[in-house]
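A short worksheet on the structure shown next.
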Amino acid sequence: MYSFKKIILFLPSLIFGFFSSLKIFLYKNNILRPKKYKTKIISIGNLIMGGAGKTPMVEYIANYFISQNIHFAIISRGYKRKTKGMIVAANSDNYLSIGDEASQYNKKFSKKAEIIVSEDRNIALRYCDENSIEYAIMDDAFQNLTFEKNLNVLISSFNKPFFFDDRFPMGMLRESKNNAKRADILVYSNCSKNISEQKLERFKTKSEYYLKPKTPILYSFIEYKRPVKIFGSRLKKDVIVISSIAYPEKFYKYINSKYNAIEKIQFKDHYNYLGDDLKVIAKKLSDNISLITTEKDAVKLCEFQDILSSYSVYYVPISVKFFDNELSNYIE
């Protein structure tokens, strides 16, 4: 059964791979040439479709730049926004105008950085050059070959390592795992804190097969912080958990360790909540039951004050930590 499914998906996978490989071939053989900018570009990307831990890594670098008083921008496509073209985010922007990830960056870093959304990353990079922005953190740009990168960071979930996956639709990879060779650094995200040396060695051996020689391999984990209020009174012990992130299992596990999760409601990745969705959820809440969610979801829920403001609604912030070698050590 499994083998038959693989056979059925093999041809579509070849066709998908042909088009992604053609673009790479054109750039590799200088038929197409990437643009060069004065602004230094740090690309954060992945091979898999869906979440791999890019957003926390973008925030890690943003916090590093803030600590060093570096003038920087964060550039995102603004996935699922209702607008078009380049937007330099303002205080009035929200997830509908700039997308959920960019809205999260805007709420956290707008006083220290330019938050830019643009389908065409080169338009945003020209803006950075014209405004003498020293660094641009490019969110989800591993597949974008139209500009030169000063540091190309590949993120792979430790629980779903790229070397065990296949190209879509046989697997969930956007392109061949052999293209991991473009990475200057490989970062494994969402690692457990107690990984054995033997497992780390196995990951190192399997990863190095696809990487350039001497490519650094770093290991990171998520640290959950104290919940933050969106609406209402104190956080109750009994909670309803909602999320619209790609792989929420670790988040749910953390919530289960701290609270009594009486219901978990999972929406698809980047889901734009409707008022009707939240009215249904609000009926489940009470003086003794809170709503708790992720930081990415919080930027959407805060727009529904008319429905949720009389209830206890919280989100859990996260940050990235590294085991030994820090990603910031490779930023020049």
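The values are calculated or read from the model by the stated rules, or taken from the named source; none is laboratory data. Small disclaimer: the values here were computed from a predicted structure and weren't measured. Glycine also receives a Cβ, built like all others from the backbone with ideal geometry; neighbour counts cover every protein chain displayed. These area figures cover heavy atoms from the full protein model, side chains too; ligands, DNA and RNA do not enter into them. Shrake-Rupley method; radii C 1.70, N 1.55, O 1.52, S 1.80 Å.
Averaged over its residues, the stretch 67-211 has an accessible area of 46 Å² per residue, based on protein heavy atoms and a 1.4 Å probe. Computed with a 1.4 Å probe over protein heavy atoms only, the accessible surface of the stretch 233-332 comes to 49 Å² per residue. Farthest toward the positive end of the dipole of the chain, out of ALA282, SER176, PRO317, is the Cα of SER176, where the dipole comes from beta carbon charges about the Cα centre. Here is the P(r) of the chain: all C-alpha pair distances, binned every 10 Å from 0, give 5, 24, 32, 26, 12, 2, 0 in whole percents.
List the pairs from LYS54/LYS199; LYS236/LYS283; LYS181/LYS204; LYS264/LYS296 whose alpha-carbon separation is above 19 Å, in the order I gave them. Violating the 19 Å Cα-Cα cut-off are LYS54/LYS199. Leaving out ligands, DNA and RNA, and with a 1.4 Å probe, what % of the accessible surface on the chain is carbon or sulfur? Summing carbon and sulfur atoms, their accessible area is 52 percent of the total for the chain.
When ranked by the protection proxy of mean other Cβ atoms within 10 Å per residue, highest first, what sequence do the peptides 226-236, 245-255, 48-58 form? Please list the in-between numbers first.
On the way: 226-236: 15.2, 245-255: 16.9, 48-58: 21.5.
So the peptides 226-236, 245-255, 48-58, ranked by packing, come out 48-58, 245-255, 226-236.
Taking label positions 7 Å along the Cα-Cβ direction at both SER309 and PHE322, the computed distance is 4.4 nm, reported to one decimal. Here each label is just a point 7 Å from Cα along the line to Cβ, and for ASN122 and MET49 those points are 2.7 nm apart. Under the convention that each Lys and Arg Cβ holds +1 and each Asp and Glu Cβ holds -1, the size of the dipole of the chain around its Cα centre is about 520 debye.
Relative contact order for the chain using alpha-carbon pairs under 8 Å, separation at least 6, rounded to a whole percent?
Values: 619 pairs, mean separation 63.6, N = 332.
For the chain, the relative contact order is 19 percent.
At full extension, LYS237 and TYR252 could sit 3.9 nm farther apart than now, given 0.36 nm per residue minus the alpha carbon distance.
Taking each full run of DSSP H in the chain as one helix, which ones are at least 18 Å long along their axis (Cα atoms) and have mean Kyte-Doolittle hydropathy of at least 0.0? Result, helices passing both filters: 2-28, 54-67. With the simple model of a label 7 Å out from the Cα in the direction of the Cβ, LYS229 to HIS71 spans 3.9 nm.
A Förster radius of 25 Å combined with the Cβ-Cβ distance from VAL280 to VAL88 puts the calculated FRET efficiency at roughly 0.10.
What you get for the stretch 77-144, charging only the Cβ of Lys and Arg (+1) and of Asp and Glu (-1), is a dipole of about 300 debye around the Cα centre. Close amide-amide hydrogen proximity is noted between ILE265 and VAL241, ILE242, SER243, each under 5 Å apart and 5 or more residues distant or on a separate chain (H modeled in the peptide plane; Pro and chain starts excluded). Which of ALA136, ALA124, ASN106 sits closest to the plus end of the dipole of the stretch 104-187, meaning its Cα is farthest towards the positive end, when Lys and Arg get +1 and Asp and Glu get -1 on the C-beta? My answer, from the dipole projection, is ASN106.
The calculated FRET efficiency for the pair LYS181 and SER132, based on their C-beta separation and a Förster distance of 30 Å, comes to about 0.35.
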